[in-house]
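Bear in mind these aren't lab numbers, they're just calculated from the coordinates by the rules spelled out. Everything numeric in this text was worked out from a predicted model, so none of it was measured. Every residue, glycine among them, receives a Cβ derived from its backbone with ideal geometry; neighbour counts consider all protein chains shown.
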Amino acid sequence: MSEVDELLRGYVENNDGICCAQWDPAISERLRFDPYDDGVEARMMAAHYFLLNAAVTETELVGRSENARALMIDLHRRFEGSLFTETDPRKLHEAVRRSRFYRDYGSERRRIGAVLAGVNAWVRDEAGGDLLGYSEGFAHPDGFASRLQGIPRMGRGFREKTWMYLRWLTRPCPDLGIFGFDVAELKAALTSYIVKVASCLGLCEGVGSAVWIDMGYREEARERVTGYARGLFPGDPLRIDYPFYMLGRWMAEEEPTMGDLVDYLRFLDEVQRLTGTVPVTYDIVGRETSRFERNLRVLLERQKMLFYFEGQRFSLGGGLTYRPDFILPGYRVGGRQVVLEPHGIWREGHEEEVTEKFRLFREMYGSLYYLVLIVQPREYTRVRDSYPDSYDDIVESNRMPELLYMLKNGRYRQIF
């Protein structure tokens, strides 16, 4: 086994037991049911609920996968049991449009209602309203996957959702263990983040390649990636699925190399040893933003600069975590991804705690992230001089437009 194989195997084992974001109990928005309930009715409902979830888990529809979880919880609250029988796309769209994260969804968010209605119609007409019983009519998961691809937005270029769904419903805890298929027969879902990792290994072309239009190439690549996973974990190849997704999401480069992959794996292994837990998890933003944060968000949106707001939680060890306010995935300083941290209110006794988190973040993740602290002009000199280890750059809030202009146009230089 090569070094990269050993590193990947160790990385997957370190991440064993991490729940998928769609039912992770640590995420702030709580599901309205127990996904591990063994009752027949409960398993039937979970199978349908997560099929709806899988159908909308797509960048163009909901953006980040955590948004799919938040949306489904909101719709479940609004519709209750009729969520699983509603086939009027207009009613579903109106409910989607009223969800509090609607502005953060993808460019095709207006299609979400139609996608959900299509799933419900398929479950009613094809599966007789009982996905659990329907699954028992297939000896192997690939037959079921083929039928699932008859759902709008789950066939052809969207077929990865079917294998993602089958992994969710088939593998045992931390997955859901509802369907009775042999886990050794599951196949990899070639989502963009998993393709990032697989392309580094030479198993397939990168995400941006035109070859993915060819469905034959897609299936050949699936067999290669699944075969590689089977070499690492013969009895349970899809053990790699969620850890590879997390790894691909963590990697900043659009087209990373084998060297990049090895560097990331070594870094993650080191952070795991230091903190005793996975370095980063993803969450739903559950709090109201401050005026300071809203002002920066408006500026970023006007400049059409892609950002993630409080989406990532970094482990700092000793139970401490840090959620950066704004990560700008498309902008780097010295090869490091830019983090913008607007901090408007400095309460006595609180600022030491906050700045210590910034310092620890820079100490542990500073090789990958460049932290710009944004403060009110009246606080600028004091914070700059009191906490020099807590930022890479510090900027007065009235200079935010200048900062964004320099980042966007590749003219960034330290302002202070």
The stretch 214-273 to the stretch 55-118: how many Å between their Cα centroids? 29 Å
For the stretch 168-204 and the stretch 393-413, what is the separation of their Cα centres, given in Å? 42 Å
To the nearest 20 debye, what is the magnitude of the charge dipole of the stretch 287-408 about its Cα centre, counting +1 on the Cβ of each Lys and Arg and -1 on the Cβ of each Asp and Glu? 520 debye
For the chain, count all C-alpha to C-alpha pairs, find those more than 38 Å apart, and express that count as a whole percent of the total. 24 percent
Using 0.36 nm per residue of separation minus the Cα-Cα distance, give me the extension gain between Asp385 and Gln149 in nm, one decimal. 79.0 nm
Put +1 on the Cβ of every Lys and Arg and -1 on every Asp and Glu Cβ in the stretch 263-345; which of Phe307, Leu320, Gln272 then has its Cα farthest towards the positive end of the dipole? Phe307
Calculated over the stretch 287-408: convex hull of Cα atoms, volume per residue (Å³): 110 Å³
What spacing in nm lies between the two simple spin-label points modelled at Ser82 and Phe233, each 7 Å away from Cα in the Cβ direction? 4.1 nm
Just want the ordering: Asp283, Asp269, from fewest to most Cβ atoms lying within 10 Å of their own Cβ. Asp269, Asp283
I want to check the label-to-label distance for Met406 and Ala210. Put each point 7 Å from Cα in the C-beta direction and report it in nm to one decimal. 4.1 nm
Treat every Asp and Glu Cβ in the chain as -1 and every Lys and Arg Cβ as +1, leave all other atoms uncharged, and give the resulting dipole magnitude about the Cα centre to the nearest 20 debye. 1540 debye
How much of the calculated P(r) for the stretch 68-171 lies past 21 Å, in percent of all Cα pairs? 38 percent
Might you report the magnitude of the Cβ-based charge dipole of the stretch 11-104 about its Cα centre, with Lys and Arg at +1 and Asp and Glu at -1, to the nearest 20 debye? 580 debye
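Can you count the Lys pairs in the chain with C-alpha separation below 22 Å, eight or more apart or on different chains?
On the way: Lys161/Lys187; Lys161/Lys196; Lys187/Lys196; Lys304/Lys408.
Lysine pairs meeting both conditions in the chain amount to 4.
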